[in-house]
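Notes follow once the structure below has been shown.
We did not get these values from a lab; they are worked out from the coordinates using the rules stated. Because the structure is predicted, anything quoted here is derived from the model rather than measured. Positions of Cβ are backbone-derived with ideal geometry, glycine not excepted, and every protein chain shown enters the neighbour counts.
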Amino acid sequence: MRRLAPIILAALGSALLGCHVGPPDEGKAVPVLEPKRTLVVPEGYQGPIDPEWPPRRVGSLEVELAASRLLREALEANPDMPNEELAEMQRGLHVEKGKIGAFHYLEVIVGNMRHPDDKLPLVILLHGRGNRPRVPATTIDSPVPFRMFIPQAPDPLGDGFTWLAVPTLADDAQLFTRSLSGRADQLAPAIEAFMRLRPTLGKPILVGFSQGAIMSFALATRYPTLFAAAFPMAGWLPPELYPTPKTGAKYPYFFAQHGGSDTVVPTARGRATVKALRARGLQVDYREAPGVSHVVSADMADGVRRGVRRILASYTTRVRRGPAPRPRG
């Protein structure tokens, strides 16, 4: 996989052409973080809730979990189950749930797997502010089955959960930045633990919208050797957290997208992040959607699906596939 990585990233870089941001400002000082403070969501504070993305799958999560339990039990009783029987039980998605450290999560396997414990590529999906993990209504049309890790942010907010103590435009910018760095440092070990728990092929791919995109930027820059690529939509990175790459350091590929009329996570902040990362030698493609506010447009979603699918296609000879699930109804 190491030998394939440069080829994959080069292909992505040429395939996902976007708008380029001009050269960085020279000599601009980067702010310094204040000493650490206790990070809590201010009492009674709500702030903006991110639009739900991706849309949830229609139906009951409990039904999905029960069907997946039945399949796992059947495979444990008969590991050599004939493909015909396995096809009868396949639903196209295999859903389980668990908890690692502070993070509850959903695990969703997409595609015609042979067994849920097989070694599979991993996509990490990070939800937005005030939302929670859900089984996506639509997924990537992948040439191979793959596993999704969908963690839940630890702090309650409204009817959902939040990764960060305050939103992007909060008055307390230092609390926002400290909250982001602390949460990334908490989540990265949980991702590594999940990869040890669930057999993983290659390095994971990060996908997130809004607060999930902000987390994606932070994780991929603070833990560059852990990830293959990041696909943040409507995200940014505070200047205090800009990376300082060392000579020879390798960072993941980034494909960042942002609505051109976003005021919740202002477009200018996304542009500045792309500009700063490029100035530090990171490979970042950027696409801006004119007139789009703080949402994921169809074109933005398609761009992510195409990019992730290209990475997954590199595993076609290394993933064990099961029978295609039979049509239902």
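Here are some notes:
- Taking the average, over residues, of other Cβ atoms within 10 Å as the packing measure, peptides 294-300, 173-179, 154-160 rank 173-179, 294-300, 154-160 from highest down.
- Counted charge near LEU277, where neighbours are those whose Cβ lies closer than 12 Å (Asp, Glu -1; Lys, Arg +1): +3
- Proxy reagent accessibility, fewest Cβ within 10 Å first, across HIS258, HIS127: HIS127, HIS258
- Global size of the stretch 161-298 as Cα Rg and Dmax, reported in angstrom: 14.5, 43
- Cβ crowding within 10 Å averaged over residues, with 225-231, 82-88, 67-73, 114-120 ranked highest first: 225-231, 114-120, 67-73, 82-88
- Over 29 Å apart at the Cα level, from the set LYS99/LYS275; LYS99/LYS203; LYS119/LYS250; LYS97/LYS203; LYS99/LYS250; LYS246/LYS275, are LYS99/LYS275; LYS99/LYS250.
- Cα-based values for the stretch 93-207, radius of gyration first and Dmax second, are 15.1, 51 Å.
- Once the C-beta distance of GLU84 and ASP141 is scaled by a Förster radius of 22 Å, the resulting FRET efficiency is 0.35 to the nearest 0.05.
- Taking 37 °C and 0.692 mPa s as conditions, the stretch 206-263 diffuses translationally at an estimated 282 µm²/s according to Stokes-Einstein applied to its Kirkwood radius (Cα pairs).
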